[in-house]
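**Student:** Sharing a structure, written as structure tokens. Questions coming.
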Amino acid sequence: MSSASLTHAEGSLVDFPPVPESRTRFWFVGLAAAAAWFAAAMVIGGLPDIDDFERTDLLARIAAGLAGLLLVFSVGERVVRFTIPARLRRTGPWLLLLAVALTAWELVTAKFAILPRPFFASPQALLEVFTDDYPRLGDSVWNSVRLLAGGYVIGAAAGFALGVAIGWSRAIGYWAHPVLRLIGPLPATAWLPIAFFAFPSSHSASTFLIALATGFPVTVLTWSGVAGVNKAFYDVARTMGASQRFLVLKVAIPAAMPSVFVGLFMGLGASFSVLVVAEMMGVKSGLGWYLQWAQGWAAYANMYAALLVMALMCTGLITLLFRLRDRLLAWQKGLVQW
Amino acid sequence: MVSNIVAQQTAVGASVDVNDVSHRFDLDGKTLPVLNRVSLRIEPGELVSLLGPSGCGKSTLLRMVAGLETPTVGTIQADGARITGPDPSRVVMFQDPTLYPWRTVKANVSLGLEARGLLRRQGHRVDEALRLVGLSQFATAYPHQLSGGMAQRVSLARALVNDPKLLLLDEPLGKLDSMTRITMQQELVSLWQRTGFTALLVTHDVEEALFMSNRVIVLSDRPAAIKADIPIDLPFPRHRGDPRLADLRRRILGLLGLDADW
């Protein structure tokens, strides 16, 4: 009874405003982002360019289109009564920042040329690369992914098998460990001159180098994962009649998987750098080659476009790996969200 | 449901003979004797406790009976056959639940059947074992979602699914809170009474040994030798306040040199 009167007194003191009926607050950030994109469209389309840019109009239209979409989302939520997906809502501040950044970039390049040309390309020049040179760019992505996938899969599989073998068998460990210690830390790119000379094609040489770069971290971390398995896990399985095969496949490997995925992640990072170097040095296709080629022609816009595509490709592949891990290691607590 | 799993149990548990076993560990070139001429017979269906000071070698003796280690001197037999390695008829329940974190509760309990390729034909026994320990509802949970007592129950179900003739309990309740421990002591006793397996319990809890076993074997400090073999001829279920248990407790604490405060 005393608590009830207390609550009442507090309630009258603080006097909270009544909770509004609608569940979500108006998306002000969205409206602001719409305004920012509209301003960007006005700057791009309204101010004169310092040079003949082919895609200024298209860029202005894209910015205006984005502004329109954001306007529909933020205002429409009130009028038509639908809910904005939470993910879109969260990206609001980023959309706003991107519009501001695009406007600034546009001003210092295409409009007033404050940054020296041609080293700094304008947004519309980049857009032009995507609209006009997409076949070559797409082809480069495809070749890069194919080369990378081949080398990575071979390296990851070999590294995994070797890591399990070293972790499990003392004899294999005895012979493999010193070799691994000597060869492993050497950057795979150091093999480049020999590899291009020893392999019949630059493609197979690059596949080998990527596999080598991937294989080392996967081997070491698989090995460490297998070696670190709680010995009691083996005791449990052995008292229940498990064979050696069962101990490897059903105990050692699953227990080592978190560590294996760290190795796969590190191997993927290493494989990216080898891929780009290999494509710059000898392979006549792929994004690394495209970068080199664009630089040779002083086509800086193409270079930036290729860099952007490369970044998207790498982050996309890492995301893919993390998705796979989340799926396989759902039993783990506290996984890092990529 | 219980009767089903009980019906499949072999009628009697295994007998165990420990014949003049001594054992030593090699640690950094030095030899550390842990067992000193231990001889002991466990009759089928008995529940025998090994009680001794911490680190005296009682867990080592249990691991030898399980076949996980080989004695330096002497032999151990189960049902008259010499123990040379692990066998699914002798299952260990460890102090830690040692559940595989990547397997669900049900998949953990299935382990023994899966390891021996019996899962397809006898998979229904997994559900029965889970029901026996009262965790059917947690079949799809992962070990990290369980409390300590629940995890140890899963560990018990994982042992029972193998139809053990001999259940080796290596301080299985040592890390549980006192209330869960009391509950699980009762559960283990009633399970043992219903199924008839032989059980060897390693513990450093005098009260637990007295409450649960037919015989208490008191071991000396390392290297462990048998100090006393004390039969407890009291019917189950026992009462913790029983004055006869209090007498025995005083006697055992005396053997362990801990009777000063009695």
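**Student:** Which value at 222 nm does the protein assembly as shown reach when only helices count, each DSSP H run of 4 or more adding -39,500 (n - 2.57), with the total divided by all residues and rounded to the nearest 500 deg cm²/dmol?
**Tutor:** Rounded to the nearest 500, the figure is -18000 deg cm²/dmol.
**Student:** Follow-up question, since we're still on this one. Hey, in the GNM for chain B with a 10 angstrom Cα cutoff, which one of B:SER147, B:SER59, B:SER220 fluctuates hardest?
**Tutor:** The residue with the greatest mean-square fluctuation here is B:SER147.
**Student:** If you don't mind, another one. How many partner chain Cβ atoms sit within 10 Å of a residue's Cβ in peptide A:240-251, on average, as a whole number?
**Tutor:** 5
**Student:** I need two numbers for region A:261-338: Rg to one decimal and Dmax as a whole number, Cα atoms only, in Å.
**Tutor:** 15.9, 52
**Student:** Another question about this same structure. Kindly write out, for region A:149-160 in residue order, the coupling ³J(HN,Hα) from the Karplus curve 6.51 cos²θ - 1.76 cosθ + 1.60 (θ = phi - 60°), rounded to whole Hz, with x marking Gly and Pro.
**Tutor:** In residue order, the calculated couplings are 4, x, x, 5, 5, 4, x, 5, 5, 5, x, 5 Hz.
**Student:** Taking a virtual spin label 7 Å from the Cα of B:ALA228 along the C-beta vector, which residues in region B:32-57 bring their backbone nitrogen under 15 Å of it?
**Tutor:** Residues passing the 15 Å test: B:49-53.
**Student:** For chain A, just say rounded, prolate or oblate: build the C-alpha gyration tensor, square-root its eigenvalues into a ≥ b ≥ c, call rounded for a/c under 1.5, and beyond that prolate if a/b exceeds b/c, oblate if not.
**Tutor:** Judged from the Cα gyration tensor, chain A comes out oblate (a/c at least 1.5, b/c at or above a/b).
**Student:** Let me ask something else. Taking amide H positions as placed 1.01 Å from N in the peptide plane, with prolines and chain starts having none, which residues 5 or more places from B:LEU219, or on another chain, fall under 5 Å of its amide H?
**Tutor:** B:LEU51, B:GLY52, B:LYS227
**Student:** Let me ask something else. Using a 10 Å cut-off around each Cβ of peptide B:96-103, what is the average number of partner chain Cβ atoms that fall inside?
**Tutor:** 6
**Student:** Please state, to two decimals, what the Cα-based radius of gyration of the protein assembly as shown comes to when divided by 2.2 N^0.38 Å (N = residues).
**Tutor:** Normalised Rg, Cα atoms only: 1.41.
**Student:** Which three semi-axes in whole Å describe the equivalent ellipsoid of region A:22-119, each the square root of 5 times a Cα gyration tensor eigenvalue, listed largest first?
**Tutor:** Gyration-tensor ellipsoid for region A:22-119: 31, 13, 9 Å.
**Student:** Please rank A:SER122, B:SER136, A:SER201, fewest neighbouring Cβ atoms within 10 Å first, as an exposure proxy.
**Tutor:** A:SER201, B:SER136, A:SER122
**Student:** Next question, about the same structure. Restricting the count to DSSP beta bridges whose residues both fall in the protein assembly as shown, what percent are antiparallel, rounded to a multiple of 5?
**Tutor:** Counting only bridges with both partners in the protein assembly as shown, antiparallel ones make up about 50 percent.
**Student:** Still on this structure, please answer the following. Write down Rg/Rh for region B:100-162, rounded to two decimals, with Rg from the C-alpha atoms and Rh from the Kirkwood relation over Cα pairs.
**Tutor:** 0.93
**Student:** Specify, per residue and in Å³, the volume enclosed by the convex hull of the alpha carbon atoms belonging to region B:113-247.
**Tutor:** Per-residue hull volume (Cα only) is 145 Å³.
**Student:** Oh, and also: How shielded is B:156-166 by partner chains, expressed as the average number of their Cβ atoms within 10 Å of its Cβ atoms?
**Tutor:** Mean shielding by partner chains, rounded to a whole number: 1.
**Student:** Any idea how far apart A:ARG25 and B:LYS175 come out in nm if each label point goes 7 Å out from Cα toward Cβ?
**Tutor:** So the label points at A:ARG25 and B:LYS175 sit 4.6 nm apart.
**Student:** Distance from a point 7 Å along Cα→Cβ of A:ALA35 to each backbone N in region A:87-104: keep the residues under 17 Å and list them by number.
**Tutor:** A:92-101, A:103
**Student:** Within 10 Å, count the other beta carbons around each residue, average over each peptide in B:194-204, B:239-249, B:35-45, and list them highest first.
**Tutor:** Listed from highest to lowest mean packing, they are B:194-204, B:35-45, B:239-249.
**Student:** Related question: Please compute the Kirkwood hydrodynamic radius over region A:134-328, one decimal place, Å, based on all pairs of different Cα atoms.
**Tutor:** Value: 18.1 Å, from the Cα pair sum.
**Student:** Students often check this: by mean Cβ neighbours within 10 Å, which of A:229-241, A:40-52 ranks highest, and how do the rest follow?
**Tutor:** In decreasing order of mean packing, A:229-241, A:40-52 become A:229-241, A:40-52.
**Student:** Largest first and to the nearest Å, give the Cα extent of region B:174-243 along each principal axis.
**Tutor:** 34, 28, 27
Rule-based calculations on the coordinates, nothing more; no lab input. From a predicted model like this one, the values you see are computed outputs, not experimental measurements. Glycine also receives a Cβ, built like all others from the backbone with ideal geometry; neighbour counts cover every protein chain displayed.
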